[in-house]
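Written out below as structure tokens is the structure these notes cover.
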Amino acid sequence: MTLIERLRRRAAERDAAHSRRSRHVQSQRSGMLAECDGKSLINFSSNDYLGFAQHPDVIAAFQQAAARDGVGSAGSALVTGHFAVHHELEQQAAALFGYEAALFTGSGYLANLGILQAVLDDESVCVQDKYNHACLLDGARFSGADLKRYPHADMVQAEARCAEAKTDTLFLVSDGVFSMDGDAADLKALHAIAERHRATLMIDDAHGVGVLGESGLGSAQAAGLRAADVPILVVPAGKALGGQGALILAQRDIIQHLLETARPYLFSTAPAPAMAAALSAALHLLEAQPQHHARLQENIRHFRIRVETAGLPMLDSHTAIQPLMAGDNERALQWSAQLRDAGFWVSAIRPPTVPQGKSRLRITLTALHTKAQIDALVQVLAEITGGHDGHG
Ligand SMILES: Cc1ncc(COP(=O)(O)O)c(C=O)c1O
């Protein structure tokens, strides 16, 4: 069989399982209004939780830096690609989150691969929640470490996996907020387990920063933990910060080790200087303008009240990620298409992103949604789900 024949056969299998994927072309956006494949829709699947991707200060910082520094960095950070704006962003992020140092990488995926490859080897053990993001699992696998996964949110099993590990290099790694379920990890418990078993706790807070914590600093702040309690914090910048890339926060020795040895950092062009400038502006907004975080929180509260009143089978989430369980792929796709017909953009999430039989709509809320848009969404959700309980 030729390669093309083999690929077509695989595509036909995905067709039969309702698991084909395609991209939608977004040609315009204004707030949460998007022109998508030529149709005007209200976007309820964006990760721009605080609206910073479109904030005038962030756009202006990007434009000014591009005018000054050009577009591409034209080099990896260790050769010629590390600009003053990269340096300033790292210092600003370290100070804001209370860490000694930071490293700005091209994406969250690269950050997690880089960290785990650089610090773990085949004598290490990496304990992870089963629902951790793919790049944390991939990073542990590529590192050669013994990857031990515990059932989602099961702290007893997490402790057992740590207790049985016989290694000098034990990592306990978790999402701060789980990207497909929207629930928050029990960071206090994870920290206590890490302390008891001398594990290094590493948290990826892609969906916690800007969302949780009194001033939006994320899951650790919400759990009352200090920087010293979470020795490695990863903040992917493509969600609430509205940009691209990721900030790794840690002690200076760890950051120095990563910048000298993390292969995805060494062997990749540094992010655009303008992106660093835009993220500096976004971090400044996070600190100086609490109204964005407050508006997001208000929208989450409003949505939860409305869906509870409507009796919708939502997962128990108090973050910006609000999944509505469909069960099988076909139903998730059908609901997503019906929402589209009614003017809403809500993506259907299916395996392998989520386990078999747990397909869902992944609704996300942002500071830019209006209450009227949320009310209209809930009304259509109630109509299309028609009391279905979402469990198969
Ligand atoms: C929890 C989590 N970590 C990491 C990533 C990857 O970050 P990036 O998109 O910057 O590669 C994502 C999503 O994209 C995520 O949800």
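The values are calculated or read from the model by the stated rules, or taken from the named source; none is laboratory data. What you are looking at is a predicted structure, and each value in this text was computed from that prediction instead of being measured. Cβ placement follows ideal geometry from the backbone for every residue including glycine, while neighbour counts extend to all protein chains displayed. When the accessible area is computed, the model is the full protein with side chains, heavy atoms only, and any ligands, DNA or RNA have been set aside. Shrake-Rupley method; radii C 1.70, N 1.55, O 1.52, S 1.80 Å.
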Exactly one of 113, 147, 137 is closer than 19 Å to residue 255 by Cβ, crowded, with 19+ Cβ neighbours inside 10 Å and at pLDDT 95 or above, and that one is 113
Filtering region 171-198 for residues that are aliphatic (A, V, I, L, M), away from the ligand (no atom under 11 Å from the Cβ) and either open to solvent by 10 Å² or more (accessible area, probe 1.4 Å) or assigned to a loop (DSSP other than H, G, I, E, B) (or both) leaves a count of 3
Residue pairs within 6 Å by beta carbon, gap of at least six or interchain, first lying in region 103-127 and more than 12 Å from the ligand (Cβ to nearest atom), second of a type in the set (Gly, Ala, Ser) and not in a helix (DSSP H, G or I), listed first then second, are 118/262; 120/145; 121/144; 122/144; 124/145; 125/165; 126/145
Of the listed residues (94, 61), the one being part of a helix (DSSP H, G or I), touching a residue at least 12 places away in the same chain (Cβ under 8 Å) and touching a strand residue (DSSP E or B) at 6+ places or on another chain (Cβ under 7 Å) is 94
Scanning region 217-255 for residues that are surrounded by 24 or more Cβ atoms within 10 Å (Cβ to Cβ) and within 22 Å of residue 57 (Cβ to Cβ) gives 218, 235, 236, 237, 239, 240, 241, 242, 243, 245, 246, 247
Of the residues in region 137-157, those that are within 25 Å of residue 258 (Cβ to Cβ) and either touching a residue at least 60 places away in the same chain (Cβ under 8 Å) or assigned to a helix (DSSP H, G or I) (or both) come to 137, 138, 139, 140, 141, 142, 143
- Query: Of the residues that make up region 77-85, is at least one of a type outside the set (Asp, Glu) and in contact with a Ser or Thr (Cβ under 6 Å, 6 or more places away or on another chain)?
  - Reply: yes
Checked 206, 220, 240 against criteria (touching a Pro at 6+ places or on another chain (Cβ under 7 Å), within 22 Å of residue 47 (Cβ to Cβ) and touching a residue at least 40 places away in the same chain (Cβ under 8 Å)); the one match is 206
Residue 268 vs (1) among the small types (Gly, Ala, Ser); (2) within 13 Å of the ligand (Cβ to nearest atom); (3) surrounded by 24 or more Cβ atoms within 10 Å (Cβ to Cβ): all pass except (3)
Checked region 330-354 for anything crowded, with 17+ Cβ neighbours inside 10 Å and over 22 Å from residue 25 (Cα atoms); matches are 331, 354
Within region 87-102, residues within 16 Å of the ligand (Cβ to nearest atom) and either open to solvent by 10 Å² or more (accessible area, probe 1.4 Å) or within 23 Å of residue 74 (Cα to Cα) (or both) come out as 89, 102
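Identify, from the list 53, 60, the residue that is open to solvent by less than 70 Å² (accessible area, probe 1.4 Å) and within 30 Å of residue 263 (Cβ to Cβ). Walk me through how you get there before you give the answer.
Numbers: 60 fails: within 30 Å of residue 263 (Cβ to Cβ).
One residue alone meets the criteria, 53.
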* Does region 19-42 contain any residue that is in the same structural domain as residue 208 (by TED's automatic domain parsing), of a type in the set (Asp, Glu) and surrounded by 14 or more Cβ atoms within 10 Å (Cβ to Cβ)? -> no
